[in-house]
Amino acid sequence: PNPCTSDGIKCIMDQSSYRLLQILSLACLACRLTSSSFKNYGTIIPQSPTVEIGKEFTATCVVYEAAKATVDDIYWTSGGVIVPKEQYTKINDSAVNVTIPITRETGKWLLCKKNESPSSLNKSKTIHGIELTKGYPPEKPENLSCMAVQFDQQISSNVTCTWQPGKMDEKISTTFTLFGSNYSTKAQRSSGCIYFGNFPNYMELDIWVDVENNLGKVRSDVLFIIDPNEMVKTNPPLDVNIISEKNFSRTLLVSWKHPIHETVVKLKYNLRFCTVGSGDWTEVPPNDTESSKESFRLQYLKPDMEHVVQVRCMHHTGYGYWSDWSANSTARTPEDKPTSKPDLWRVVIPSQGKSERRVEVICKDPVESNGRIRGYNIKIQDGAWEVVPVNGSELNSRSQERKMIPLYQIPLSDKRRGSIELKAWNSVGESPRASLGIPKLAHEPPPVASLSCFNQDRRLWVEWQPPNVEATGVTEYVLEWVSVSDGAIDWQREPRHNRKAPIKGTLQRFKLYSISVYPMYSGWTGKPLTTACFLEQGAPLEGPSVKVRRTGKSNAEVEWMEIPLDKRRGFITNYTIFYITGGKEHSIVVSPDTYSYTVEGLASNSKQVVRIMASTVQGSTNGSDLSFNTLMYAPGQMEATVVSVCIGILFVIVLTVSLCMYKIDLIKKIWPPVPDPSNSTIANWSPDFPTKAVSPKESVLGDVSVVEVDVFDRKSLCEEDKAGLPLKKDKYLSEEHSSGIGGSSCMSTPRQSVSDSEEGGDSGQTTTSTVQYSSVVASNGYKGQSPCTLPQSPCTLLQTPQCGSSQSQTPSFARSESTQPLLDSEESQEGSGQSHQRNPYFSRSPVASESRDPGDRNQLEMEEQGLASLRFCPLEEGSQQTTPTDEGQSPDEQPGPVPSYMPQLRGHRQPC
Amino acid sequence: MSGHVKNMYPQLSISQAARTLLSLLLVAAIDSMNAGIACRNQQCESHIQRSSKLTRLIHMESVDLLKIYKASQGDLSELFCQMPINIVPNPNISGLDPSERMLSIYSHCKAFLPHLKRVTEQQRDLQPPSSPLLNNLTTAQYRTSGLANQIKCIYQTLFPNLPIPLEPVDGPTSIHPSQNVFQQKVYGCVVLKNFKELLSQIRHELRTIKNQMCKSRTFAYTNALF
């Protein structure tokens, strides 16, 4: 609607009225709802208080009518616990007090409640409740101090103060206010900054801190400052400058400017200086710079040294704060001539095979070289002074370590003494003279009595005892140390009364040093005593590498190399051998000088792992593992077994053969030989038989009835080789064939002479020579049982010995032409003439018979067969066991001696 | 406007009210601070010595202040600073005995304070806000007020039975109601020049008083002991 028309205006009014009514209605509704839902039954005074722990707190509950209760129905709870009635105080009908002690355990909420009627579901109704904030009042700040710093050429108007706050309850809000005279500012907990507009130079000033919380307020002690300049920290002095003046080698002039005008703050100064790189500051005594001066001369400085100077300042009264040190200002003092001797020393190198030494002269710059040493003047023995210019002999003022300078090398006979003199010089002048004497090798003065070293405070100390001689005349000691790994040498001198000293040089950890102590006798070197030391030991860098030198069935010999010196890092105290066998690890500790060891008790034919651990006093390091296999058999075991078996087999064979040879008769029993009648040649002998006389010897041995062939009879073999036995048999046989029965003995020459023509004899026949083909019948009975009269048997042609003529009787025998070895008995009787001697080679070789032509052979065979049928009655196998006694005792059954080829046992050869 | 012609700085006109308010507050703080410090019993010598140091400081700063003032006023001949202006206090310390001379020192310090304040206000209108002159003028007021307070304390200590007049002995300070810029510059220069001379005289007087009073008091105190 158009607001400019009357209808429009009316319309607008209607709408606004409607909205106004709407808002009023909603407000009334809200009020009603609020009044009905949250009825106010009472209140507690005070509301949300902050209470102090350790004190009592009293609250009042005022009950409104709406509560429909009296104060008698009221009770209090604190932290859910009902406060006893004794702590209540009734003020009037509608108000009641409660007093509770406040502790840390006191509950947060304090409620005022009323008891409900028994019919009510709720037994109690809360009238009102308050939340208690517990805490402590603030504590007094302590140690208030303030500082004002320089700003431009004035003191800053901002003064910063710090203090130590007391205990605070973090739950209670606490405020800190810093006051400075009539100024104040809010501060932090332990510091604050107050702005004064203008710094109150020379005007009294009071500063304090107020601390306040809900439980109280406390003020720090007032810092009463008579002169605020006494809390000033100014800037460091300006334009610090050092002037080095020629001809003043030990002084430096230091100048500076005040950082602030003296009228504003009067200052005092403080100087300190050091040589470049040392870091050891030396402060000028404060009394020397108390006045507000702007320059100072440093004295007693070292010549030719670069010095650093710093200056600071503070209020001249000493109150307030020192400024920071000024920036470094450096200057070098001028050079001066050396004021101390050069440190002269030598290294003696013995020559191999020569009676002279090589002496290397070395030195160090003088301690007080006072400038760059440009050279040395050296004099050897009684020679002239020689100039040795040096280039690198620049004293490094930043380091106290002086370098060793090799100067000269001279050969010196072992039988000569040497003397060296040395002077150092720089651009200003010469140093005092240093001298050193080297005695004859055989006349070196005695060494120190003992020498040892130890570690203390990360330094290596050397301890020694003076030489064991009266009035030694030792003037000083020289400690020399040489790095074993790189040969670097250094030394230092110690006064004569010293018995121990730390090594002043730079030693490296874990490196071995050879340390010698030389007693000096008025400049002459004594004999050194040397020991080896570590500055600090550690575990070896690596363990020993192990290898197996030899493996066995149950052992192995392992060996390892010594750890390289640069990786040893200490004295090896022991080696530990670890090996795993049978799933268990074993260890063996061996001495440090052992480099091989035989590990026993290993399982055969199995994989073994072994490693070596090297130990020092500071730890141990394992070497790498090494795997190897043990053998199945010990070395030589196989060979020994084979040899043993072979020897055994050989022994068995020999034994068997021996047994066979010795027990041939037993074998014969098992396998009796079968006579071959065709080999018998007795028929050839028959015509001669009767005319053949029997020698007395034969009669003596006539008791031997059976001839046996003993090829192993050593007496028969004499020195002949057994291998030649068949051949010799043949020879003998051929000889026999040529010379007849009753030839020579085994050593007779005819045998040897005949042998060659018969080489081609049948070996088979020779072998069969051991077989008895026939028997020679003895007439002497058996075992003394001599038959008295043997009847003439039709079966025998042999003469039977007569009974009773035992010694003289001639035994009758029959000679068989058979090749049977039974003929041996005859041969033996004829050849040897000894009854007990038997010659096994008297058998008739078949070769002899074979030498005949076949016609003769057949004829011979026929004759033999005929003779055999007439004259021989070969014994049956079973009858061979029959003794002659038995036979003799049964003449009826078998009259006369029966030809037998039973083997005659020696034991049976008993005379009648 | 405090009776002087304002030199307009359009670019800074917006914060003019704020600067004025800050200056007033600072001056009020200086007054309240110095007025609120009570005198403490101190050794005569140290007390006077401290005042001497403060005088020396103020004097040194007054020399610089005058230089800066002259430098910041443009073409202002040195001769103008020599012009006599009746309303500017005479820097000469008067009095026959130490008490009178100390009282004269105190009165002169008090007398120069309103003049310094006026010059500060005038220069605040003439100089840019960053000008060190304004800061130095404020500092001079602050220190002079402090010096006056110290002199008062020394006087009370040395002459406890002699009252301190409420008004300066030289009469109330009269300030000319209105000045043009030139007059303001000349006025300021004369005030600062006299102020510097005053401080020079105070240094001298304090040294004399220290020698006279502190030794005699020590002697008197020693006699009293025996």
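The values are calculated or read from the model by the stated rules, or taken from the named source; none is laboratory data. Just so it is clear, the structure is predicted and the values come from calculations on it, not from any experiment. Note that we place each Cβ from the backbone using ideal geometry, even for glycine, and neighbour counts take in every protein chain shown. Remember, those area values only see protein heavy atoms, side chains included, never the ligands or the DNA or RNA. Shrake-Rupley method; radii C 1.70, N 1.55, O 1.52, S 1.80 Å.
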Can you pull the mean other chain C-beta count within 10 Å for peptide A:258-266?
2
Using a probe radius of 1.4 Å on protein heavy atoms only, what is the accessible area buried between chains B and A, both sides summed, to the nearest 100 Å²?
2000
If you plug each phi of the stretch B:135-151 into the Karplus form 6.51 cos²θ - 1.76 cosθ + 1.60 with θ = phi - 60°, what whole-Hz ³J(HN,Hα) values come out, in order, with x for Gly and Pro?
5, 5, 5, 4, 4, 4, 4, 4, 6, 5, 4, x, 5, 4, 5, 5, 4
Stretch residue A:45-residue A:640 to full length: gain in nm at 0.36 nm per residue minus the Cα-Cα span?
202.4 nm
Most to least accessible of A:57, A:248 (protein chains only, probe 1.4 Å)
A:248, A:57
Output the Kirkwood hydrodynamic radius of the stretch A:238-296, Cα pairs only, in Å rounded to one decimal.
12.9
Run through the stretch A:58-128 and list the trypsin sites (Lys or Arg not before Pro) located in a DSSP loop whose Cβ has at most 14 other Cβ atoms within 10 Å.
A:68, A:104, A:108, A:123
Just the number, please: percent antiparallel of the DSSP beta bridges in the stretch A:122-252, rounded to the nearest 5.
95
Quick one: ranking A:476, B:205, B:78 by accessible area, 1.4 Å probe, largest first, what do you get?
B:78, A:476, B:205
Sequence-distant residues sharing a close amide H with residue A:225 (under 5 Å, placed H):
A:205, A:206, A:207
Quick check: net charge around residue A:591, other residues with Cβ under 15 Å of its Cβ, Lys/Arg +1 and Asp/Glu -1?
-3
Would you kindly derive the ³J(HN,Hα) couplings of the stretch A:611-623 from the backbone phi angles with the Karplus curve 6.51 cos²θ - 1.76 cosθ + 1.60 (θ = phi - 60°), listing them in order in whole Hz, with x for Gly and Pro?
8, 10, 10, 9, 10, 10, 5, 9, x, 10, 9, 8, x
Inside 10 Å of the C-beta atoms of B:49-56, what's the mean count of C-beta atoms belonging to other chains?
4
Per-selection Rg to Rh, the stretch A:176-302 - Cα, Kirkwood hydrodynamic radius
1.18
What accessible area per residue comes out for the stretch A:43-111, rounded to a whole number of Å², with a 1.4 Å probe?
56
For residue A:568, solvent-accessible area (1.4 Å; no DNA, RNA or ligand), Å²:
40
Given the pairs A:364/A:415; A:90/A:114; A:504/A:527, which span a C-alpha to C-alpha distance of over 18 angstrom in this model?
A:364/A:415; A:504/A:527
For the stretch A:226-350, which whole-number percentage of the solvent-accessible area (1.4 Å probe, protein heavy atoms only) is attributable to carbon and sulfur atoms?
47
Sorted by chain and then number, the residues having a modelled amide H within less than 5 Å of the amide H of residue A:232, at least 5 places away or on another chain, are A:148, A:321
For peptide B:139-150, what's the mean number of Cβ atoms from other chains within 10 Å of each residue's Cβ?
3
Ignoring ligands, DNA and RNA, what percent of the 1.4 Å accessible area of the stretch B:104-157 is carbon and sulfur?
47
Taking the stretch A:559-680, the equivalent ellipsoid from its C-alpha gyration tensor has semi-axes in Å, biggest first, of 67, 13, 10
Whole-Hz ³J(HN,Hα) from phi, Karplus 6.51 cos²θ - 1.76 cosθ + 1.60, for the stretch A:585-601, glycine and proline x:
9, 10, 9, 9, 9, 10, 5, x, 9, 9, 10, 8, 7, 9, 8, 9, x
Placing one equal point scatterer on each C-alpha of the stretch A:69-172 and summing with Debye, one gets log10 I(q)/I(0) at q = 0.16, 0.17, 0.19, 0.22 Å⁻¹ equal to -0.82, -0.88, -0.99, -1.15
Give, ordered by residue number, each residue of the stretch A:156-186 whose 1.4 Å probe accessible area is reduced by a minimum of 30 Å² on adding the remaining protein chains to the chain alone.
A:182, A:183
Where does each of A:425-436, B:190-201 land if you order them by average Cβ count within 10 Å, highest first?
B:190-201, A:425-436
For the stretch A:451-601: accessible area per residue (Å², 1.4 Å)
50
Can you put B:83, B:102 in order of accessible area, largest first, using a 1.4 Å probe?
B:83, B:102
Using R₀ = 45 Å, calculate the FRET efficiency as 1/(1 + (r/R₀)^6) where r is the Cβ-Cβ separation of residue A:532 and residue A:580; round to 0.05.
0.80
The extension gain from residue A:435 to residue A:591, computed as 0.36 nm times the residue separation minus the Cα-Cα distance, is 51.5 nm
At a probe size of 1.4 Å, how large is the accessible area of residue A:109, to the nearest 10 Å²?
130
Would you mind getting the accessible area per residue of the stretch A:241-341, heavy atoms of the protein chains only, 1.4 Å probe, in Å²?
49
